[in-house]
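Taking it in order: structure first as structure tokens, then the write-up.
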Amino acid sequence: MDKKDIINYFNQTAKDRLKWKARNKYYYQELEKYLRFLIPPSSSVIEIGCGTAELLNSVKPSRGMGIDFSQKMVEIAQRQFPHLEFRVEDAENITVEERFDYIILSDLIGCLLDVQRTFNQLKKISGPQTRVIITYYNYLWEPILKLSEKLRLKTLQPLQNWLSLCDIENLLYLSDFEVIKKGYKFLLPKHIPFISTFFNRFLANLPLLSKLCLIEFVVARPRPARNDDNDDYACSIIVPCRNERGNIRHVIEKMPELGSHNELIFVEGHSKDGTLEEINKQIKEFPGKDIKVFVQDGIGKGDAVKKGFSKVTGDILMILDADLTTPPEDLLKFYQALVEGKGELIMGSRLVYSVGEGAMRFLNLLGNKFFSSLFSYLLEQRIKDTLCGTKVLFRRDYQKIEENRKFFGDFDPFGDFDLIFGAAKQNLKIVEVPVRYTARTYGSTQISRFRHGLLLLRMSAVALKKLKMI
């Protein structure tokens with residue numbers, strides 16, 4: 001079929017579109033539910049190949065636009081959802097001159113004559129923070145879908161392109177987009193009470209069975225343009241500290257110059273060794289540096305991080321542990337990775353280089369490796385070290401995480417997973433920077449292997465429920 005034939009096909013079948021959607025209501029409701037999970041309410045959203053636009057309407061956009069090359073489909077969509085805007089346009093030649101937070105291509109790319117050209121067109125409607133969401137059927141389901149068409153359980157479709165997840169990722173790469181996360185959904189697209197829920201919430205998330213699911217999905221972002229002026233950003237470095245008196249001066253002395261301005265914020269946690277007094281002493285000894293100190297209201301590193309972030313003035317937020325097991329000088333690598341657009345949450349990884357003697361006990365190392373595998377599975381992004389305290393992100397992205405914290409609840413005493421889970425929910429790209437991990441020279445570790453290990457398992461259960469079993 002050429003393009004004219006495809007357009008004619010969709011115009012002719014438009015009148016029956018709602019009937020077929022009603023017949024497969026469960027599938028479409030589940031798809032809408034997953035897109036609502038990926039897209040925060042009140043985002044600006046455009047759907048390419050919107051059809052009759054039920055999916056676009058379901059994500060509750062603050063600004064919603066649908067485009068489709070079928071005049072009949074667009075007429076139905078406009079009657080159903082007059083509060084949204086619709087245009088008759090070809091996905092391979094987009095004329096819209098507007099940037100959107102999210103771009104949806106759902107069940108579309110199979111009908112395109114030139115997928116790469118369409119992906120290139122998306123740059124016209126993308127900004128640096130735009131996310132592209134693509135859903136397409138798993139080709140393993142081709143025999144089942146063809147049989148369903150013959151049995152009139154689903155509408156007839158033109159011959160579809162054969163695109164695997166790897167094919168989609170490669171075409172995005174050729175069009176200057178990079179994949180943030182990808183995976184599979186819906187093992188059982190028909191509603192059978194209790195059984196469908198068990199299949200789609202549990203079995204569909206198991207590592208091997210997931211590849212048998214009906215739907216492939218991809219979340220991507222525009223590949224960042226190179227920024228040659230990397231010194232425009234002011235940095236706020238948060239240093240949670242409890243019983244770290246002997247490390248305070250070293251933190252200040254070793255802190256590199258980052259961007260246009262450094263703001264060093266110590267958040268003191270009711271120490272018993274004179275840490276607060278030492279910070280105030282060092283502030284007087286370094287009058288030329290922008291150093292502040294606050295005493296946290298509660299307890300735990302998570303509370304300290306939130307306190308520090310509430311006081312910042314910089315464009316970039318950094319967390320550095322006061323124990324100096326990660327050298328302050330390494331923050332230059334984190335800064336560079338962030339401003340060059342390599343990622344949007346930059347985390348340290350202590351498990352690449354050899355670990356300094358006495359820096360990490362054997363059981364801690366095993367625990368880190370276990371949780372790195374678990375969190376890579378949960379977040380659908382590769383994470384090697386979940387527990388390195390050094391993390392860097394733009395203030396604007398932290399504000400998104402903060403605004404949506406209620407999704408997970410305030411449950412993280414460490415402060416690390418509030419950021420990691422929040423970044424995953426906001427579809428931020430997570431990138432790790434390898435660091436050398438050395439033994440502390442002052443004080444003792446405040447990590448309890450078993451008590452905190454159980455806490456991590458509880459948080460993993462929260463992530464499983466909130467991020468996978470949806």
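Worth a mention:
- When the Cα positions of N427, F202, L159 are compared along the charge dipole of the chain, F202 comes out farthest toward the positive end, with charges on each C-beta of Lys, Arg, Asp and Glu.
- Amide H to amide H, with H built 1.01 Å from N, E178 comes under 5 Å of R221, R223, counting only residues 5 or more places away or on other chains.
- Span from the segment 239-285 Cα centroid across to the segment 190-223 one, whole angstrom: 47
- Here the contact order of the chain, divided by its residue count and restricted to Cα pairs under 8 Å and six or more residues apart, works out to 12 percent.
- Pairs of Cα atoms nearer than 8 Å and 6+ residues apart set the relative contact order; for segment 254-298 it is 52 percent.
- Across segment 141-158, coupling constants 3J(HN,Hα) worked out from phi with the 6.51/-1.76/1.60 Karplus curve, θ = phi - 60°, read 8, 3, x, 5, 5, 5, 5, 4, 5, 5, 8, 6, 8, 8, 5, 5, 10, x Hz, and Gly and Pro carry x.
- Selection among V267, T390, F417 by position relative to the dipole of the chain gives F417 as farthest towards the positive end (Cβ unit charges, Cα centre).
- Between 0 and 90°, nearest 10: helix 362-379 axis offset from the chain longest Cα axis: 30
- Estimated FRET transfer efficiency (F370, A439; beta-carbon r; R0 22 Å; 0.05): 0.50
- Likely footprinting exposure, I144, I94, I134, fewest C-beta neighbours within 10 Å first: I144, I94, I134
- In degrees, nearest ten, helix 416-425 long axis to first principal axis of the chain (Cα): 20
- Each Lys and Arg adds +1 at its Cβ and each Asp and Glu adds -1 at its Cβ; summed about the Cα centre, the chain shows a dipole of about 1880 debye.
- Counting DSSP beta bridges with both ends in the chain, the antiparallel % (nearest 5): 35
- Computed from the C-beta positions of N280 and C166, the FRET efficiency with R₀ = 51 Å rounds to 0.35.
- The chain: angle of helix 275-285 to the longest principal axis, Cα-based, in degrees nearest 10: 80
- Listed from fewest to most Cβ neighbours within 10 Å, the set Y9, Y102 follows the order Y9, Y102.
- Modelled label reach - R87, point 7 Å along Cα→Cβ, segment 98-119 residues with backbone N closer than 17 Å: 98-105, 118-119
- With at most 12 neighbouring Cβ atoms within 10 Å, loop GluC sites (Glu not before Pro) (DSSP) excluded, longest segment of the chain: 99-256
No lab work stands behind these numbers, since they all come straight from the coordinates. In this text the structure is predicted, and so the values were computed from the model without any measurement. Every residue, glycine as well, gets a Cβ built from its backbone with ideal geometry; the counts of neighbours run over all protein chains shown.
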